[in-house]
Amino acid sequence: MTETLSEGIGAIPVFRGDLFDGQGEARFAIGVVATGETPTRGRELEYAAYLTLRANVYAHEMHYIAVDGLNADGTESDGNDARSIHFAVFENTGEAVRCVGAMRLILKSGDQPEPLPVERHYPEAFTKGPAPLGSAEVSRLIGRHENVRVQASIKWPLFLSSVTWALRHDIPDAYGVVEESLERRLLVDRVPLERLAPAKFVPEFNTVKLPVQVDVAGLDARLDNVESHLFAALRTVTHQFVYSGVLPRVRLT
């Protein structure tokens, strides 16, 4: 789980599509762009933009992965995408659509019981046993916007839509791998998480990160206190997108 924050906007993919057709003055759209490696029907452009945002941030900007490891079309994907649910946030500019947020949930299930990335990279965090089947890992969490306030808000609709999805599928906890700076921001925002092991350099990430566990039900309960039509609507996200004029600032209690 890595939230990438920057005042630069060169990473944001821009494309023309029909996502906002008939949505009036809606500025943002949030939804599931793919299940596994299958794009949500009619949202192939959005899925491609989501994968392009990942490439722009993880390879070109943050250098977590090698540019020569990207797909031929310049997008980024890996072996975990096939067992992931993919969420994204889009912005309507009037002239085009921008992909400004991304996140995936990597699932560990009976059909796909392979260890989660956090288990492989931090075996010291699982000495009492592996992550159980039914676990998930938050991954590729990205927010990009030239407005600092909007950028800081992008993670909240991603969190709530994924939390709702996780609870609907009986996933009580989720893991993540974060930089210490993101851990501090999440704790300040009162996201219920626990550090599982000390930070260390992970060659595959090409940076220093640490493993955490997020209390999904606890986060849902805190988000439930936020009065927002957007948050209420996000609880219904499956294969439909939710539209809003703003992304709310959140202060958990």
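Note on the chain: helix-only mean residue ellipticity at 222 nm, from DSSP H runs of 4+ residues weighted -39500 (n - 2.57) and normalised by residue number, equals -6500 deg cm²/dmol.
Listed peptides 50-62, 155-167, 120-132 appear in the order 155-167, 50-62, 120-132 once ranked by packing, highest mean of other Cβ atoms within 10 Å at the front. For the chain, the dipole from Cβ point charges (+1 on Lys and Arg, -1 on Asp and Glu) about the Cα centre works out to 540 debye, to the nearest 20. Considering only 103, 182, 92, and ranking their Cα positions along the charge dipole of the chain that arises from unit charges at the beta-carbon of Lys, Arg, Asp and Glu, the one farthest toward the positive end is 182. For segment 127-170, dividing the convex hull volume of the Cα atoms by the residue count gives 95 Å³ per residue.
Based on the alpha-carbon gyration tensor of segment 107-229 and its eigenvalue square roots a ≥ b ≥ c, which shape applies: rounded if a/c is under 1.5, prolate if not and a/b is larger than b/c, or oblate?
Judged from the Cα gyration tensor, segment 107-229 comes out oblate (a/c at least 1.5, b/c at or above a/b).
The candidate values were (1) 51; (2) 67; (3) 63; the one computed from these coordinates for percent of Cα pairs over 22 Å apart carries the label (1).
The modelled label-to-label distance between residue 208 and residue 15, using points 7 Å beyond Cα along the C-beta direction, is 3.8 nm. Is the C-alpha gyration tensor of segment 66-155 telling us rounded, prolate or oblate? Criteria: a/c under 1.5 is rounded; beyond that, a/b larger than b/c is prolate, otherwise oblate. It comes out prolate by the Cα gyration axes.
Overall shape: oblate for segment 64-112, with the ratio a/c of the largest to smallest alpha carbon gyration tensor axis at 1.5 or above and b/c at least equal to a/b.
Using every pair of distinct Cα positions in segment 166-228, the Kirkwood expression returns a hydrodynamic radius of 12.8 angstrom.
A short reminder: the numbers here are calculations on the coordinates, not readings from a lab. Predicted, not measured: the structure shown is a model, and the values here were computed from it. So basically every Cβ, Gly included, is an ideal-geometry build from the backbone, and we count neighbours across all protein chains shown.
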